[in-house]
Amino acid sequence: MYRLIKQEGRAKRGELHTVHGVIQTPVFMNVGTVAAIKGAVSTEDLEQIKTQVELSNTYHLHVRTGDEVIKKLGGLHKFMSWEKPILTDSGGFQVFSLSSLRKIKEEGVYFQSHIDGRKIFMGPEESMKIQSNLASTIAMAFDECPSSKAERGYVQASVDRTVRWLERCKKEMSRLNGLEDTINKKQMLFAINQGAIFSDIRIEHAKIISEMELDGYAVGGLAVGESHEEMYYILEETVPHLPVDKPTYLMGVGTPANILEGVERGIDFFDCVYPTRNGRHGHLYTNRGKINLFNAKFELDERPIEEGCGCPACRRYSRAYIRHLLKAKEMLGMRLCVLHNLYFYNTMMEEIREALDEGNFAAYKKRKLEGMTEG
């Protein structure tokens with residue numbers, strides 16, 4: 001159950017009550033594609049860096065290790081020793097990202113595994129079954145994510161099919177949640193709004209899915225090639241047509257600035273690989289902008305990554321030492337950088353929630369964006 005605590009303009013401050021605990025929103029979900037955060041980040045680390053929700057990938061866990069194996073081991077929470085909420089995406093994004101390895105039909109999508117080339121079929125029912133086996137807190141509906149450059153006719157046909165797939169997802173999840181051997185019988189289902197950069201298609205789709213009484217609503221198919229301005233415009237046009245009393249999730253977004261702009265436009269949930277991917281390459285987020293630890297100017301820098309930061313890296317190590325680890329290709333360097341970046345994101349979300357509680361989000365957003373000017 002979602003509780004809308006208060007609003008400032010369209011920005012929402014809420015909380016989602018789940019079988020695995022309460023999620024305070026707005027929230028950034030830490031991306032652990034194959035049930036682990038890239039960069040040697042453990043579950044204990046996630047607890048230390050203020051992680052509320054971990055996100056795992058349905059397609060990747062299905063092809064490697066396998067959802068049936070994870071079910072036998074008690075589900076994803078037990079498997080990775082994580083008690084808080086987990087969201088699993090549906091595999092729908094892989095319909096977009098693995099375009100050279102798949103064929104889309106009405107019944108679903110035929111994939112060729114990117115690992116060993118074996119044939120895989122995934123439709124709405126298969127996606128729901130895999131996510132039920134994983135026993136995540138929140139499952140995402142199976143959809144197609146059309147390219148932002150796709151022609152209007154293709155996008156409309158794709159969205160129409162995504163609606164039909166959503167009806168099948170809802171029916172199958174209801175069936176699965178009623179089975180005796182289902183691990184999480186209270187698994188939630190979020191729908192996904194699509195429509196590329198055609199605002200009228202987006203709005204119509206939002207209206208249709210809003211009537212289907214689901215647990216939450218995502219805006220998908222953004223941050224896949226369109227400009228930031230186009231993304232913000234689509235959010236402004238689309239989000240008002242999604243239920244205000246349900247959580248909204250902007251998939252795969254983004255930079256700290258993207259998140260601040262998304263919150264302003266009514267988004268509750270975010271996820272993105274940026275903090276982990278950038279961290280593994282020595283690119284670090286601070287309140288004064290991004291820094292690249294590979295730069296020579298940090299060779300003798302004895303300061304922490306950011307003064308006053310409470311992350312495990314900043315509490316103990318210098319920029320010079322972490323730079324040395326990265327240059328020496330020691331895994332500890334990547335790990336410390338990823339921990340810092342995720343802590344930065346999770347702390348920023350905490351600050352956003354506090355600003356909304358106090359009714360000064362607009363001032364906080366302005367101050368935060370003005371501060372991040374370096375790099």
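Couple of notes before you dig in:
- Among the residues of region 126-144, those identified as assigned to a loop (DSSP other than H, G, I, E, B), closer than 14 Å to T182 by Cβ and out of contact with any Pro (no Cβ under 7 Å at 6 or more places or on another chain) are A135, S136.
- Qualifying residue in region 199-212 (condition: within 20 Å of the chain's Cα centre (by Cα) and hydroxyl-bearing (S, T, Y)): no
- Extreme residue, surrounded by the fewest Cβ atoms within 10 Å (Cβ to Cβ), among residues of region 150-170 that are touching a Pro at 6+ places or on another chain (Cβ under 7 Å) and within 26 Å of A223 (Cα to Cα): Y154
- Taking the criterion of being modelled with pLDDT under 90, surrounded by 15 or more Cβ atoms within 10 Å (Cβ to Cβ) and among the hydrophobic types (A, V, I, L, M, F, W, C), the residues of region 102-149 that qualify are V109, F111, I120, M122, C145.
- Subset of region 107-125 [part of a strand (DSSP E or B) and either within 26 Å of V219 (Cβ to Cβ) or among the charged types (D, E, K, R) (or both)]: G108, V109, F111, K119, M122
- Matching option when the condition is without any contact (Cβ under 8 Å) to a residue 40 or more places away in the chain, surrounded by fewer than 24 Cβ atoms within 10 Å (Cβ to Cβ) and not aliphatic (A, V, I, L, M), among E264, E226, E211: E211
- Residue selected from region 8-43 under the condition free of Cβ contacts under 8 Å to residues at least 60 places away in the same chain and outside any loop (DSSP other than H, G, I, E, B), by the criterion farthest from Y249 (Cα to Cα): T43
- Selection from region 171-196 of residues that are among the aliphatic types (A, V, I, L, M) and surrounded by fewer than 22 Cβ atoms within 10 Å (Cβ to Cβ): L176, L179, I183
Residues checked against (1) crowded, with 19+ Cβ neighbours inside 10 Å; (2) small (G, A, S); (3) part of a strand (DSSP E or B); (4) in the same structural domain as I120 (by TED's automatic domain parsing):
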{"residue": "D45", "(1), (2), (3), (4)": "yes, no, no, yes"}
{"residue": "Q52", "(1), (2), (3), (4)": "yes, no, no, yes"}
{"residue": "S56", "(1), (2), (3), (4)": "yes, yes, yes, yes"}
{"residue": "V69", "(1), (2), (3), (4)": "no, no, no, yes"}
{"residue": "F79", "(1), (2), (3), (4)": "yes, no, no, yes"}
{"residue": "E83", "(1), (2), (3), (4)": "no, no, no, yes"}
{"residue": "L87", "(1), (2), (3), (4)": "yes, no, yes, yes"}
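- Selection of first residues in region 349-373 that are over 16 Å from T25 (Cα atoms) and among the aromatic types (F, W, Y) and of second residues that are at pLDDT 95 or above and not in a loop (DSSP other than H, G, I, E, B), restricted to Cβ pairs under 8 Å at least 6 apart or on distinct chains, gives the following pairs, ordered by first then second residue: Y364/E351; Y364/I352; Y364/A355.
- A count restricted to region 331-375 and to residues that are over 28 Å from G9 (Cα atoms) and in a helix (DSSP H, G or I) stands at 11.
The values are calculated or read from the model by the stated rules, or taken from the named source; none is laboratory data. Everything numeric here is computed off the predicted structure, so don't read it as measured data. Note that we place each Cβ from the backbone using ideal geometry, even for glycine, and neighbour counts take in every protein chain shown.
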